[in-house]
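Written out below as structure tokens is the structure these notes cover.
The values are calculated or read from the model by the stated rules, or taken from the named source; none is laboratory data. These numbers come from a predicted model, not from an experiment. Using ideal geometry, Cβ is built from the backbone for each residue, glycine included, and neighbour counts are taken over all protein chains shown.
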DNA sequence: CTGAAAGCGCTTACAG
DNA sequence: CTGAAAGCGCTTACAG
């Protein structure tokens, strides 16, 4: 590999001068030597060594995206927009996948500190009850070592956060179903340790506001997979016969569609369905899913903004709140009639 | 940030000794000083600086995955398994997304050379006719700078390759349809500049073997999206009335399902459908798609094996061939009857 | 306009 | 068992 010294030697110049011109630094250099340097750099196939630059500058121009899963549609789309903005800002990005294993998250933290990344986009991994506490430890560990962090969704003390008001999104979705006349509304939750509690509260509050007491019979827990959505729906259909179902993600909502099909229940004729997030699959199924969409482009912009602030050290950590949006497609319809009145419990 | 010098100074030792023990190098050190160093390293919260290590060792322990799109299910799954193996081998991975833009691929090449990555997993971006030539240039550029490369799918001179025999997979899928009695088999291709020519040849050869001359009327081009699959299917249905359709990816195959639904054509009763790759969506639609699956786990293993060889410089570049597998699910059935005999052209 | 020199934080052959 | 020193490839304040 050719270095600035090779160029300097060949031209009888100093490395300092070569460094200045190849970096386009604002520093007076005669036009002639500039040309000579640029030319021979080209001829020799010179490529600056980013590692050496990083060491002397104390900056790596590198950002990590730490997340629970890359095969989950939400994160895939998240990575797509965030990575795009990161590289647009002149950084490279380390992809750090925990595979929903908190111990791998913790391991990544160490690696990222040692790699001296300039910042990390932190999507906490939490599936088990204790995970949340470990997330906090991990964020603190980064902060202790001076690594700027922006957290997605969850709040971790003195660190910036982009927060999508899933409570509000959830509430709106259920409001919508209520407006359509539904009163028997099932809720398919995710892992209990996850952030879906906010989604549940939005659901519950909407019901209460309309004088309906949330009934545990209408609430089931899945694991975010298609198959679990199907199972949950089957159970709801059997035990609560809802006229509408709200699921906390898309895969499970699609599972609901499948369960309905198996039970010969028409969607949306006999059963309305709403999902959360807006993955491509939501428009590839029949009927196309009505969903609560998280504003990915805005999220990406917020993430980069907050991260830049944190890196520059200009502003104090802060949180940017974003609102999800209800996208009405074809999976919802007015409640058909008050079938099964006798079994209504609320 | 605390350095080995800080530890050395505090203990009245040399940086060399500290370096040796914190790295667990095989070099005699008294048990006492080892303990002292380890203890104070712990107390001081010492973290080795990977950047400095990289510079002095001439190795960055970093691998890049360069790909056309991260929102495409195939690449998402590919990244999931490959990144997992890469980090398992002690490397971190740079995610380099070209967004199907060849000029961004070229830009990444420069960045990766300058970052001195230890290797790159190269999934060529090609959508336009000229892209292929640029892919070759890019691979050569990496090689010229001594960066080990393993290419996926395409062949690029003196560089290792993992090759999935999509010709064979395609041929088998069409054989299967022929076995079911289908003779009017539509083919939905991707971008013409892509690798799907091999898939087309598999299709064409299977037909010929059964005495059927491939008819251009049965061949249409989509852009790999769901919507284009739908459009292509609509056109095929209108102009060629096939009894089976084979699409070169899953999204388009799902689009075929949607088109059939709109036209009140039963799948698989009146139309059989096969897709390529095996994305999660293929099992979330109705009916579940029969597909040609690429063996991701094996691909991942092959990639890492080849990359290791290239990094160690032990073996000459070589290619590992893998075979896709036909996964029979619910979207295919025997050809119902010879409807529309009069219009058969072959 | 150009350069000498120290520094970034580590590794490692060479001595002792 | 321990250390002095050079080297990895840059940057940049300081001189001239």
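Values as computed for the structure displayed
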| item | result |
| --- | --- |
| Top-ranked residue of segment A:18-38 - restricted to ones that are over 24 Å from residue A:61 (Cβ atoms) and part of a helix (DSSP H, G or I), ranked as nearest to DNA strand D (Cβ to nearest atom) | A:33 |
| Qualifying residue in segment A:33-55 (condition: farther than 29 Å from residue B:146 by Cα and out of contact with any strand residue (DSSP E or B) (no Cβ under 7 Å at 6 or more places or on another chain)) | yes |
| Within segment A:79-185, helices (runs of 4 or more DSSP H) holding 1 or more residues that are touching a helix residue (DSSP H, G or I) at 6+ places or on another chain (Cβ under 6 Å) and under 23 Å from residue A:326 (Cβ atoms) | A:166-179 |
| Condition check for residue B:4: near DNA strand C (Cβ under 8 Å from one of its atoms) and either surrounded by 18 or more Cβ atoms within 10 Å (Cβ to Cβ) or away from chain A (no Cβ under 14 Å) (or both) | yes |
| Near pairs, Cβ below 6 angstrom, 6+ apart or cross-chain, from segment A:303-315 (free of Cβ contacts under 8 Å to residues at least 40 places away in the same chain) to any residue that is surrounded by fewer than 22 Cβ atoms within 10 Å (Cβ to Cβ) | A:315/A:309 |
| Test for residue A:51: is it free of Cβ contacts under 8 Å to residues at least 12 places away in the same chain, within 19 Å of residue A:87 (Cα to Cα) and in contact with a helix residue (DSSP H, G or I) (Cβ under 7 Å, 6 or more places away or on another chain) | yes |
| Residues within segment A:112-124 that are crowded, with 19+ Cβ neighbours inside 10 Å and either facing chain B (nearest Cβ under 10 Å) or more than 21 Å from residue A:161 (Cα to Cα) (or both), tallied | 5 |
| One residue from B:194, B:157 being outside the structural domain of residue B:270 (by TED's automatic domain parsing), under 21 Å from the mean Cα position of the chain (by Cα) and at pLDDT below 95 | B:157 |
| Search result, residues across segment A:1-17 that are part of a loop (DSSP other than H, G, I, E, B) and near DNA strand D (Cβ under 10 Å from one of its atoms) | A:1, A:2, A:3, A:14 |
| Filter pass, residue B:107 being more than 23 Å from residue A:91 (Cα to Cα) and more than 7 Å from chain A (Cβ to nearest Cβ) | no |
| Criterion violated by residue B:12 - all others in (1) modelled with pLDDT under 95; (2) away from DNA strand C (no atom under 16 Å from the Cβ) satisfied | (2) |
| Residue in segment A:39-62 that is nearest to the chain's Cα centre (by Cα), counting only those that are part of a helix (DSSP H, G or I) and more than 9 Å from chain B (Cβ to nearest Cβ) | A:57 |
| Condition check for residue A:244: on the phi < 0 side of the Ramachandran plot and under 22 Å from the mean Cα position of the chain (by Cα) | no |
| Strands (runs of 3 or more DSSP E) wholly inside segment B:212-292 containing at least 2 residues that are surrounded by 24 or more Cβ atoms within 10 Å (Cβ to Cβ) and within 14 Å of another protein chain (Cβ to nearest Cβ) | B:272-276 |
| Filter result (in contact (Cβ under 8 Å) with a residue 40 or more places away in the chain and surrounded by 21 or more Cβ atoms within 10 Å (Cβ to Cβ)) within segment A:133-157 | A:148, A:149, A:150, A:152 |
| Selection within segment A:65-91 - surrounded by 21 or more Cβ atoms within 10 Å (Cβ to Cβ), facing chain B (nearest Cβ under 9 Å) and within 21 Å of residue A:139 (Cα to Cα) | A:65, A:70, A:79, A:83 |
